Each structure stands twice: as structure tokens, then as C-alpha cells.
Amino acid sequence: MFTIINNSINNTILLVAILLIVGVLTTKFSARLGLPSLVFYIIVGMILSNFIYFDNASLTQLFGILALIVILFEGGMQSSWKDLKTVIKPSISLATIGVLFTTLIIGICAKMILDVSWLEGMLFGAIVGSTDAAAVFAVIGTKNIKRRLVSTLEAESGTNDPMAVFLTIAFITLIQNPDSNILSISLSFFWQMGFGLITGLLMGKLTVWSINKINLDSSGLYPILALAFAISTYSFTSLFNGSGFLAVYTMALLVGNADLTFRHSIFRFNEGFAWMMQILMFILLGLLVFPSQLSEIFWQGVLLSLMLMLIARPIGVFLSTFKMGFTLKDKIFISSAGLKGAVPIVLATYPMLAGIENSQLIFNVVFFVVLTSALIQGISISPLASILGLSGGEKLTSPHSLELVSMGQSSSEIIEIQVKENSVVINKTLLEIKLPKHTLITAIIRADQVLTPTGNTEILEGDILYVLAPKSKRKQVNHAFMTKQGEKGV
């Protein structure tokens, strides 16, 4: 008996390992085709569903939420506050008004096409109302797209999930209790957003303070500490009926733009962990679908996908960005970048767990819409950017990274400094730069070349400097590379 159980566990572990390997390899394959990798992960899950029976919506929802926390945390940390603060107004408008209009329009279409009730149609609209950051940037991440557009899509994708979650839960509540107070439900939206935003800011400050002040025995513990704070942020916020996803994104945005000890270790760990969670989540979501059922809603799914991509999303974008400085080409591109991903499929499990009458139909159609959206928009978005003149070719990124790896406690760290335009150190030699005591510039990256610094090395705009310094001198080091307007060089 023990041997049978042991073999079963070993087979499961082996299956997970194979899935991760396949997931990593398909990521490289999808990049060459210009497709979001989620398409391949879902297909793998659908193929496995022919051999593995899986219908646990509760487990899928739990794992999906955990995966989304990790993905949102990683995405928020990678976002630049300097870029995002210039597009706050259109991003918030897209994440709220845009999602609302998309929900209403596609909800009406779903009512007519799927022959469901008005509330069930609106529920479907709410579920597919949000865009997916991971899917969008898997496609345009290597393209040098107009910075304002990228920042807008980045902020929208990180902040529109709470609106979709709120509308989904609100329509489920109205379906189960038609006499529910609509005013009370509407007011709860402001509580969820407000509490989520405030909690995210407070937890972000606490996370930064903890990481920088607590001297752990191993550098490998800092990424785990940061991730633990992200999960705690979601849990605490949700406990008081706030928007956990908004709190996590806000907290991650604050953490990612702060001066952190072992910054690169935290970033690299969460980047890899987010990929792993994304791979397993989409495969699990694929397992939850029975391919034979998709054929039954083929034409409904295609029709709703086209209406979502060509009618609902563009109308939502044009109305929510009215008089906000976007050109017609900009709006067309933003409309085409409304790729669907994990959130709609995870939200589609909510009606199933709530026992809504047409929940299985809604889940199957949502799944079909996500898959077709990723396929059609994933293939067309990069060529469209080039046609509209919004792409400058391949994005240039430095392939180098350097960080002090400590096996135990260390009072020093490697600080990465990017020399920005108007920095006070441009055209100065290293001997002319005033740095704190016990500070050493260990390497300079210029274009794709790693330079060995000497006292006579001249600093140029765009250089990336790696500075070995005591942790207590981090602010002084950053101050030495400030721009003439007082902005840090990091």
C-alpha cells in the first residue's frame, strides 16, 4: 500500500517537473511567434484534461488568487513611478469607467447571444472586462513602444482587476438576492478601493522599512520576506472587505521604487517565481476545461470575442480617454492591447462556486474568449504598433547585472546607479566625484560593454554604475549622482 502511495506522489512530482520544463521551453517558442505564452500553457492543460480528470473549481480559484498576488507584486515592482504618475488620470479612467462601459456593452451582447438573463449577461461582461498585464507585456515587452502608451497600459492592467472583481461579486449578489440594496453595493466600491489604496501604501512603507532595517542571516531570505509582505497585504485588506489586488499593486509599486537592500535578489526571485506561478496557473485553468464542451459554444464564443475586441473595448477606451491628450492612433493601439488573461478565467470560477444556474456555460465562453483574444490580439498587436508608427524597433536592454552575494550577515551592498540626463556627474572623472568613505565603484556598463573603472574614467549619460558601499551610506551614494533638478540617479 505504501509503495502505491509513494509511486503516486513520485508520478505527481515528475508531472509538475515536466510541466515546468515544457512551460519554460514554450515561452521561448511563443516569443518567436509573437504570442502570449499563456496560450501554450492553456493548450497544455487542455491536452492533459483528456488524461486527467479535474473539476475542482475551489482549488483552482485559491491557486489562481495566489498566482495573481505574485504576478501583480512582480509587475508592480517593475513599474516606474516616474512614468506612471504622468498617466494616472487616463489609467484610472480606463481601469474604472473603461471597464464599466466594456461590461455594459458586452453584457448586453452576452444576454442576446447566450440567451441568459440580463444579470447573467452583465456578470459575463464583468468577468471579461479587465485586461491582463502579463499577456500584454509578453507581446510588447521587446518592442520600443511609445513610453506614454506603455505606462498607460501598465497602470491600467495593474489597477483594473479590482473593478472587475467588484462588478463580478456585485452581479452574483444581485442574482442570488434580487432585493439587495444597490446603493449599499455601490458605496462598498468606494470602501474597497479606498481601503485597498491606503492599506497598500502603509504596507509598502512597512515592507521597505523592514527589508532595509532587519539584518537577516542570509541574502536569500529577503525575497521571501518581501513576498510574505505581499501575501499579507492581500489577506489583511480582504479581511476587511477591501480590494486586495489594488493593495498588492500599490504596495509593490512603492516597494519597487524605493531604495532596497538586495534589490536585485528580490527582483530576480519574484520574476522567476511569477513565471512559475503563471505556468502552473494557466495549465491548471486549462485542466478545468473539457475541450468537447468548447465545440458546443464555438460560434457564440467567436461572436462575443469579436464584439469584445472590435466594439466593447474600443468604445470603453474612446469614452474613458476623452480629451486626455491621446491621438486617434494612440486610442486604436490601446484598444487593440486589451488582451485577456488569468483574471477573467479565475473570476469565472466565482459563479461556479456560488451555484449560479448557467455558471458552466459562462466559464466555457469566458475561457474561449480569453483564448481567442490572446491568439488574435497577441499576433496582431506588434505589427499594428509598427503600422501606426508607434514602435521604434527592438528595445535595448543591458544583459548585465551585478550584486553582492553574502553567505551571511553583511554591512555592505552593491548599489546600481543609472546616470540620467542632467546628472551632476556627467563628463566628470571618478576622481572628481565625491563619494562617502569605504565606497568603491566596481564596474561600469556602457552600451553592451563592461568597463573596469579607474580614477580617470569619465562618466557619460546612460552609464550604469555598480557601487560597493555600506548599507548605511545608500542615501549619500544616491545623492552624489542626483540630477541638477534634484532627482536621484537610480
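The values are calculated or read from the model by the stated rules, or taken from the named source; none is laboratory data. For clarity, every value in this text was computed on a predicted model and none was experimentally measured. A quick note on method: Cβ atoms are made from the backbone with ideal geometry, for glycine too, and the neighbour counts reach across all protein chains shown. The area values use the complete protein model at the heavy-atom level, side chains included, leaving out ligands, DNA and RNA. Shrake-Rupley method; radii C 1.70, N 1.55, O 1.52, S 1.80 Å.
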Original post:
Out of all the residues in the stretch 219-245, which are open to solvent by 20 Å² or more (accessible area, probe 1.4 Å) and closer than 23 Å to GLU156 by Cβ?
Top reply: TYR234, SER238
Original post:
Among (1) open to solvent by 10 Å² or more (accessible area, probe 1.4 Å); (2) within 29 Å of MET203 (Cα to Cα); (3) modelled with pLDDT of 90 or more, which single condition is SER265 missing?
Top reply: (3)
Original post:
What number of residues in the stretch 159-181 are open to solvent by less than 50 Å² (accessible area, probe 1.4 Å) and part of a helix (DSSP H, G or I)?
Top reply: 15
Subject >> Hits in the stretch 281-337 (condition: outside any helix (DSSP H, G or I), open to solvent by less than 70 Å² (accessible area, probe 1.4 Å), more than 30 Å from ASN56 (Cβ to Cβ) and not hydroxyl-bearing (Ser, Thr, Tyr)) >> reply: MET324, GLY325, PHE326, ALA337
Original post:
Which of (1) in a helix (DSSP H, G or I); (2) open to solvent by 100 Å² or more (accessible area, probe 1.4 Å) does PHE195 not meet, given it meets every other one?
Top reply: (2)
Subject >> Hits in the stretch 440-461 (condition: part of a strand (DSSP E or B) and either touching a residue at least 40 places away in the same chain (Cβ under 8 Å) or not polar (S, T, N, Q) (or both)) >> reply: LEU440, ILE441, THR442, ALA443, ILE444, ILE445, ARG446, VAL450, LEU451, GLU458
Subject >> Considering residues of the stretch 472-490 that are modelled with pLDDT under 75 and on the phi < 0 side of the Ramachandran plot only, the residue surrounded by the most Cβ atoms within 10 Å (Cβ to Cβ) >> reply: GLY489
Subject >> Unique residue being within 22 Å of the chain's Cα centre (by Cα) and modelled with pLDDT of 90 or more when the list is PHE229, PHE240, PHE190 >> reply: PHE229
Original post:
Mind checking which residues of the stretch 41-56 are outside any loop (DSSP other than H, G, I, E, B) and either more than 10 Å from ILE283 (Cβ to Cβ) or among the hydrophobic types (A, V, I, L, M, F, W, C) (or both)?
Top reply: ILE42, ILE43, VAL44, MET46, ILE47, LEU48
**OP:** Hey, can you tell me all the residues within the stretch 71-92 that are aliphatic (A, V, I, L, M) and crowded, with 22+ Cβ neighbours inside 10 Å?
**Re:** ILE71, LEU72, MET77, VAL87
**OP:** Considering each residue of the stretch 438-473, count those that are in contact with a helix residue (DSSP H, G or I) (Cβ under 8 Å, 6 or more places away or on another chain) and of a type in the set (Lys, Arg), and give that number.
**Re:** 1
Subject >> Condition check for TYR234: in a helix (DSSP H, G or I) and either farther than 26 Å from GLN418 by Cα or out of contact with any helix residue (DSSP H, G or I) (no Cβ under 8 Å at 6 or more places or on another chain) (or both) >> reply: yes
Original post:
Can you name every residue in the stretch 330-377 that is closer than 25 Å to ILE279 by Cβ and of a type in the set (Lys, Arg)?
Top reply: LYS340
